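The values are calculated or read from the model by the stated rules, or taken from the named source; none is laboratory data. Predicted model only: the values in this text are computed from it and were never measured. As a convention, Cβ positions derive from the backbone with ideal geometry for all residues, glycine included, and neighbour counts pool all protein chains shown. Remember, those area values only see protein heavy atoms, side chains included, never the ligands or the DNA or RNA. Shrake-Rupley method; radii C 1.70, N 1.55, O 1.52, S 1.80 Å.
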Amino acid sequence: MADPAPARHPDLYAVPVKADLKSIVWFNAKTPPNPDPTSWQGLLDYTAKVRPAWCLGMEAFSTSGWPGTDWVEDILLHQSGPDVYQQWASGALPWTSDPVRAAWTTWGQLLATQGTPGMRSAALLTYFGDAGKQMFTKNPGCFLEHQGSFATGSYPKGADYDFFPFPTIGSVPKAWEVSVNLAGLFTDNPLARDFMSYLAGARAQAVWPAQQDSSAFSVNQQVLAASVYKGPVSPRIAQVLASAHTCAWTPRTSCRRMSDAFSRAVLEFLGDPDRLGDILSGLDHVRSSLADRPKLSEACG
């Protein structure tokens with residue numbers, strides 16, 4: 001009897017058609033005092049001095065809470081480093097581990113420093129796309145927004161905004177968190193392959209970023225070299241995305257169920273930070289239930 005055919009485990013491939021740079025903080029360049037923190041303590045000092053410092057909006061319909069997951073991810077990355085981040089993103093590091101718990105408590109420290117009455121409740125009810133607009137009102141309702149590079153698409157037309165990198169916490173190396181919209185090949189035929197090749201090329205990658213007032217970016221270095229990015233801010237973001245800086249891919253592409261639980265956990269934490277232990281244990285329960293399922297492995301480089 002002939003040996004049975006070996007099981008096929010094809011590699012998974014995808015093309016990033018749009019990239020967003022996380023690990024950045026936005027501010028209104030025309031509203032003093034302009035921030036320039038190079039450390040976490042500097043960010044805390046600014047938060048304590050300028051109130052309300054932070055624009056916070058967690059409402060996002062069925063995915064409410066995800067802006068808070070970006071906070072936890074960024075703090076974990078900049079407090080414990082890319083290696084720990086990748087262990088956590090791949091599901092190898094428990095939510096109850098010291099580095100992950102520290103990321104949550106560090107975010108809680110910043111929220112407590114802001115100390116604005118009703119801040120947590122307001123954040124739960126504010127749509128994430130509206131939060132940053134408060135920076136550009138006559139009497140600003142906030143001065144900083146921790147949000148990805150797509151945030152400028154929600155800012156008022158003609159607004160004079162700028163950003164600074166999310167500061168490192170301690171002595172970990174500088175890193176950037178990046179999220180991407182991916183196109184994958186599910187039907188293997190010549191036309192589908194040609195289309196994927198087109199999407200990966202500089203011509204297709206430049207279409208979205210080249211639109212007027214676009215907040216879209218590509219990781220393709222040829223798009224950067226073609227000077228499609230306009231203004232003082234967009235080329236700087238594109239330079240980071242197209243460079244070889246250390247990065248950490250956001251884990252939400254790996255498992256929708258884990259993502260939903262993470263977002264809900266943020267809402268619970270804002271509602272009652274004293275429940276953090278139970279919240280993290282609940283997230284670990286979800287992680288354990290998904291341990292044997294296949295995951296999308298994301299490289300970092």
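A few comments on the model shown:
- With respect to being open to solvent by 10 Å² or more (accessible area, probe 1.4 Å) and over 17 Å from the mean Cα position of the chain (by Cα), Ser97 fits the description.
- Which numbered condition Pro251 fails, given (1) surrounded by 13 or more Cβ atoms within 10 Å (Cβ to Cβ); (2) at pLDDT 65 or above: (2)
- In summary, Ala122 fulfils each of the numbered conditions (1) over 15 Å from Leu56 (Cβ atoms); (2) open to solvent by less than 60 Å² (accessible area, probe 1.4 Å); (3) over 21 Å from the mean Cα position of the chain (by Cα) with the single exception of condition (1).
- Cβ-Cβ distances below 7 Å connect the following pairs, each with a first residue in the range 185-206 that is under 23 Å from Val223 (Cβ atoms), a second residue that is of a type in the set (Ser, Thr, Tyr) and part of a helix (DSSP H, G or I), and a separation of six or more residues or different chains: Ala204/Tyr198.
- Of the set (1) of a type outside the set (A, V, I, L, M, F, W, C); (2) modelled with pLDDT under 95; (3) crowded, with 20+ Cβ neighbours inside 10 Å, all apply to Thr116 but (3).
- Set side by side, the residues Ser39, Ser90, Ser80 differ, and just one is of a type in the set (S, T, N, Q), crowded, with 19+ Cβ neighbours inside 10 Å and within 20 Å of the chain's Cα centre (by Cα), which is Ser80.
- Residue list for the range 18-34, filter: of a type outside the set (D, E, K, R) and buried (at least 19 other Cβ atoms within 10 Å of the Cβ): Ala19, Leu21, Ser23, Ile24, Val25, Trp26, Phe27, Asn28
- Filtered by the rule that a residue be part of a helix (DSSP H, G or I), farther than 16 Å from Leu124 by Cβ and open to solvent by less than 10 Å² (accessible area, probe 1.4 Å), the range 42-69 gives Leu43, Thr47.
- Out of Phe143, Phe166, Phe150, Phe128, sole residue that is surrounded by 14 or more Cβ atoms within 10 Å (Cβ to Cβ), touching a His at 6+ places or on another chain (Cβ under 8 Å) and modelled with pLDDT of 95 or more: Phe166
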